[in-house]
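Have a look at the structure below before the remarks.
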Amino acid sequence: MAFILDTIIAHKHRELAIKQQAFPLAVLQQIPAFKRTCFSLKQALLRPFSSGIIAEHKRKSPSKGYFASTRTLEQIVTGYAQHGAAALSILTDMTFFGGSGEDLMMARAQVSIPLLRKDFIIDPYQVYEAKALGADVILLIAECLDKKTIQSLSALAHELGLEVLMEVHSREQLDKWCADVDLIGINNRDLRTFEVDLNRSFELVQCAPPGTPVIAESGIHDPQIIASLRQAGCKGFLIGERFMHQPDPVQAFQSFILQLQQTATHA
Ligand SMILES: O=P(O)(O)OC[C@@H](O)[C@@H](O)c1c[nH]c2ccccc12
């Protein structure tokens, strides 16, 4: 059986062909968001007293199915921003994660903090699209891309004023880093087996290129672990399920932030 990641990428190629026909580049470039000035995720994470939390809007996942949240995207993103999220991650993949470009556009209309377009980017078209939908940062998953492609997609992102988050899951993938990569994400979840191991972040943060802030991604459920990850050198913490799995993700986020503040003051 093919791994899910291979299935997703094959699907992205088909989706791309259809989208490029329906919305040619010239059309994307006419969308007002295409001309906006982006927010910097790098700066948001390095700001003193930043919570460092990048809260993710995710409707479902291939491993968990639909999440329990009963709130609208608008309620969720405004709540996260109001209660101290440093940035938001918005899933735009529809088939496997239930998201869409409209989700990103709706989030953009609600909040003025950095937005990460969470998708499987394999082609320049998707970088233009990210800008037109209102994103500030794109995700490049090292597992799916060779170094040359990471270089060219990152250079294009910078041309459009977007930042680049390169996601890795192994020491070797860090070698795909190039100067246009602004942030490193360490995914604790193996995208091939779905296994989660928080030690990935603790191990790989030590190997990250200096000057490129590191974000620990996936499987973070406990505010206490954030203090340890921070001590190890992580500047950002990408959290989805922990909140989306609650009927009221905003309330869950708020009490998480409170606990986080308490652990910080007792440290
Ligand atoms: O829901 P979690 O375990 O808190 O994880 C969030 C985020 O890290 C995860 O959704 C993710 C990380 N990298 C990805 C790449 C594609 C899709 C999803 C992801």
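The values are calculated or read from the model by the stated rules, or taken from the named source; none is laboratory data. Predicted model only: the values in this text are computed from it and were never measured. A quick note on method: Cβ atoms are made from the backbone with ideal geometry, for glycine too, and the neighbour counts reach across all protein chains shown.
Quick check: is even one residue across the stretch 172-179 assigned to a strand (DSSP E or B) and either more than 16 Å from the ligand (Cβ to nearest atom) or within 14 Å of the chain's Cα centre (by Cα) (or both)? No, that holds for no residue. Counting only residues that are touching a helix residue (DSSP H, G or I) at 6+ places or on another chain (Cβ under 7 Å) and surrounded by fewer than 18 Cβ atoms within 10 Å (Cβ to Cβ), the stretch 179-195 holds 1 of them.
Of all residues in the stretch 180-209, how many are modelled with pLDDT of 95 or more and either more than 13 Å from the ligand (Cβ to nearest atom) or of a type in the set (A, V, I, L, M) (or both)? Looking only at that region, the number is 17. Could you say whether any residue in the stretch 149-161 is assigned to a strand (DSSP E or B) and more than 14 Å from the ligand (Cβ to nearest atom)? The answer is no; no qualifying residue exists. The set of residues in the stretch 208-221 being at negative phi and surrounded by 15 or more Cβ atoms within 10 Å (Cβ to Cβ) consists of Ala208, Thr212, Pro213, Val214, Ile215, Ala216, Glu217, Ile220.
Results for (1) in contact (Cβ under 8 Å) with a residue 12 or more places away in the chain; (2) crowded, with 17+ Cβ neighbours inside 10 Å, shown as yes or no for each residue.
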| site | (1), (2) |
| --- | --- |
| Ala227 | yes, no |
| Gln231 | no, no |
| Gly240 | yes, yes |
| Phe243 | yes, yes |
| Gln246 | yes, yes |
| Phe253 | yes, yes |
| Ile257 | yes, yes |
| Leu260 | yes, yes |
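Quick check: anything in the stretch 84-93 in contact with a His (Cβ under 8 Å, 6 or more places away or on another chain) and polar (S, T, N, Q)? Scanning the stretch 84-93 turns up at least one residue that is in contact with a His (Cβ under 8 Å, 6 or more places away or on another chain) and polar (S, T, N, Q). Report whether or not Thr37 is loosely packed, with under 15 Cβ neighbours inside 10 Å, more than 16 Å from the ligand (Cβ to nearest atom) and at pLDDT below 95. For Thr37, the condition - loosely packed, with under 15 Cβ neighbours inside 10 Å, more than 16 Å from the ligand (Cβ to nearest atom) and at pLDDT below 95 - is not met.
Among the conditions (1) touching a helix residue (DSSP H, G or I) at 6+ places or on another chain (Cβ under 9 Å); (2) assigned to a loop (DSSP other than H, G, I, E, B), Pro48 misses just one, which is (1). On inspection, Phe256 qualifies as in a helix (DSSP H, G or I) and within 16 Å of the ligand (Cβ to nearest atom). From the residues in the stretch 214-252 that are part of a helix (DSSP H, G or I) and in contact with a strand residue (DSSP E or B) (Cβ under 6 Å, 6 or more places away or on another chain), which one is farthest from Gln75 (Cα to Cα)? So the residue we want is Leu229. Checking Phe49, Phe96 one by one, the residue that is under 30 Å from Leu174 (Cα atoms) and touching a Pro at 6+ places or on another chain (Cβ under 6 Å) is Phe96 and no other. Residues of the stretch 163-178 that are surrounded by 14 or more Cβ atoms within 10 Å (Cβ to Cβ) and either of a type in the set (D, E, K, R) or over 24 Å from Val127 (Cβ atoms) (or both): Glu163, Glu167, Ser170, Lys176. Assessment of the stretch 68-81 against the conditions (of a type in the set (A, V, I, L, M, F, W, C), on the phi > 0 side of the Ramachandran plot and more than 11 Å from the ligand (Cβ to nearest atom)) yields no matching residue.
Scanning the stretch 67-121 for residues that are within 15 Å of the chain's Cα centre (by Cα) and among the polar types (S, T, N, Q) yields Ser89, Thr92, Ser100.
Residue-wise test of (1) surrounded by 15 or more Cβ atoms within 10 Å (Cβ to Cβ); (2) farther than 19 Å from Tyr125 by Cβ; (3) basic (Lys, Arg).
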| position | (1), (2), (3) |
| --- | --- |
| Ile9 | yes, no, no |
| His13 | no, no, no |
| Leu16 | yes, no, no |
| Leu41 | yes, yes, no |
| Arg47 | no, yes, yes |
| Ala55 | yes, yes, no |
| His83 | yes, yes, no |
| Ile90 | yes, no, no |
